[in-house]
1. Normalising by the residue count of the chain, find the relative contact order in percent from Cα pairs under 8 Å and 6+ residues apart.
2. Please state the equivalent ellipsoid semi-axes for segment 25-99: what are the square roots of 5 times the Cα gyration tensor eigenvalues, largest first, in whole Å?
3. If you wrap a convex hull around the Cα atoms of segment 61-191, how much volume per residue is inside, in Å³?
4. If each Cα of segment 1-146 is one equal point scatterer, what is log10 of I(q)/I(0) from the Debye formula at q = 0.09, 0.16 Å⁻¹?
5. How much area per residue is accessible in segment 173-280 when the probe is 1.4 Å and only protein heavy atoms are counted (Å²)?
6. In the P(r) worked out for segment 69-120, what percent of Cα pairs fall beyond 13 Å?
7. Pairs to check: 295/317; 26/64; 127/259; 192/300. Give those whose C-alpha atoms are more than 24 Å from each other in this structure.
8. For segment 195-295, just the Cα atoms, rotate onto the principal axes and tell me the three extents in Å, largest first.
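The values are calculated or read from the model by the stated rules, or taken from the named source; none is laboratory data. Keep in mind it's a predicted model, so treat the numbers as computed, not measured. Positions of Cβ are generated from backbone atoms using ideal geometry, with glycine treated the same way; all protein chains shown enter the neighbour counts. Keep in mind that these areas ignore ligands, DNA and RNA; they rest on the heavy atoms of the full protein, side chains included. Shrake-Rupley method; radii C 1.70, N 1.55, O 1.52, S 1.80 Å.
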Amino acid sequence: MKSSRNINIYITCELSSEGVNLLKEKFKVFNFSGLDNKKLIKKISALSDPNSKSSALIIRSTRKIDNLTAKKIKKQTDIKLICTVSSGFDNIDVISCTKLGIKVMNVPGANSISAGEFTIALILLIKKNIIRANYDMKRGIFDYKEFSNSELYSKTIGIIGVGRVGSYVAKISKALGMKILGNDIIPALKNKYKWIKFVSLNTLLKSSDIVTIHTPLDESTRHLINKAGISQMHKDAVLINCSRGGTVDEKALITALKKRKIHYAALDVFENEPNFNKNFSNLPNVMLTPHLAGKTVESKERMSIIAAENIIKFYSKAARLRWVKLVN
């Protein structure tokens with residue numbers, strides 16, 4: 001693709017220098033980090049090129065593009081492409097954008113290794129009581145008798161969503177000698193991962209020592225783990241959520257943790273990020289992290305490069321299609 005200097009790329013989030021440099025080779029690049037949607041659209045509107053048929057916006061999952069925002073983008077800017085540097089689309093009203101002629105793309109799989117490792121780390125921290133042991137030691141308490149640690153070997157892990165992250169968690173779990181149950185809506189995965197025992201959601205919840213969620217968030221998965229689902233889990237079970245906050249009914253989970261209906265929960269994602277239900281803070285049997293699972297040095301660089309390459313491919317393909325149309 002020849003240089004497309006009449007196409008602007010608006011970056012609103014942290015992007016690695018490798019990704020930025022790839023974009024600068026082809027486009028005019030502007031960094032608008034730290035602006036809310038209103039100020040961002042105003043800035044882009046002032047820079048929109050009347051000779052440009054399309055410019056692109058790069059965001060992360062923390063920026064929400066709802067129906068109203070999409071309409072403002074369509075009306076006030078020349079943006080025809082939004083790339084979210086994340087594995088999911090739940091921060092964007094994709095239907096509205098599509099109807100308005102705005103293409104939406106994401107970066108699936110780039111942080112699956114990071115998220116999978118983080119999931120296993122949470123499980124180990126909980127089952128080995130590492131956080132509490134460190135806290136006690138720093139207070140001068142040396143008493144191993146207070147702890148009741150567990151091995152992961154032979155324990156059953158139930159993985160809801162056996163995609164890129166879930167399947168990687170399954171591979172690590174298999175190496176640890178765990179029994180693996182899976183639940184997914186894609187039938188083909190049963191043949192791809194024959195060593196995973198696929199079961200219904202209810203069976204998975206009833207049978208698992210550890211339940212970990214790795215599904216995207218849409219209307220079919222919102223509050224997938226609710227009061228009824230949690231009641232299926234046994235009292236020594238652990239719930240891990242490194243997918244999306246909305247997949248768990250937080251009020252139901254808080255009640256279950258208070259009443260010791262399940263043993264423990266570890267949450268890296270929340271329904272109203274960056275805000276979260278402060279009732280979690282008062283519970284001794286929950287571990288909270290600020291959406292860290294997929295964020296590592298390696299994954300950030302990988303996601304940035306893939307995002308840049310996808311944008312370049314998008315415009316290269318569009319250029320070829322216009323050329324073919326002119327020739328024909």
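1. On the way: 559 pairs, mean separation 53.6, N = 328.
After rounding, I find 16 percent.
2. Details: eigenvalues 68, 41, 33 Å².
Equivalent-ellipsoid dimensions as semi-axes: 18, 14, 13 Å.
3. Numbers: hull volume 21.1 nm³, N = 131.
Cα-based convex hull of segment 61-191, divided per residue, equals 161 Å³.
4. -0.42, -0.86
5. Working: 5550 Å² over 108 residues.
I get 51 Å² per residue for segment 173-280.
6. Numbers: 808 of 1326 pairs.
So the pairs more than 13 Å apart make up 61 percent of the total in segment 69-120.
7. Working: 295/317 30 Å; 26/64 27 Å; 127/259 20 Å; 192/300 28 Å.
Too far apart for the 24 Å limit: 295/317; 26/64; 192/300.
8. Principal-axis extents of the Cα atoms in segment 195-295, largest first: 36, 29, 23 Å.
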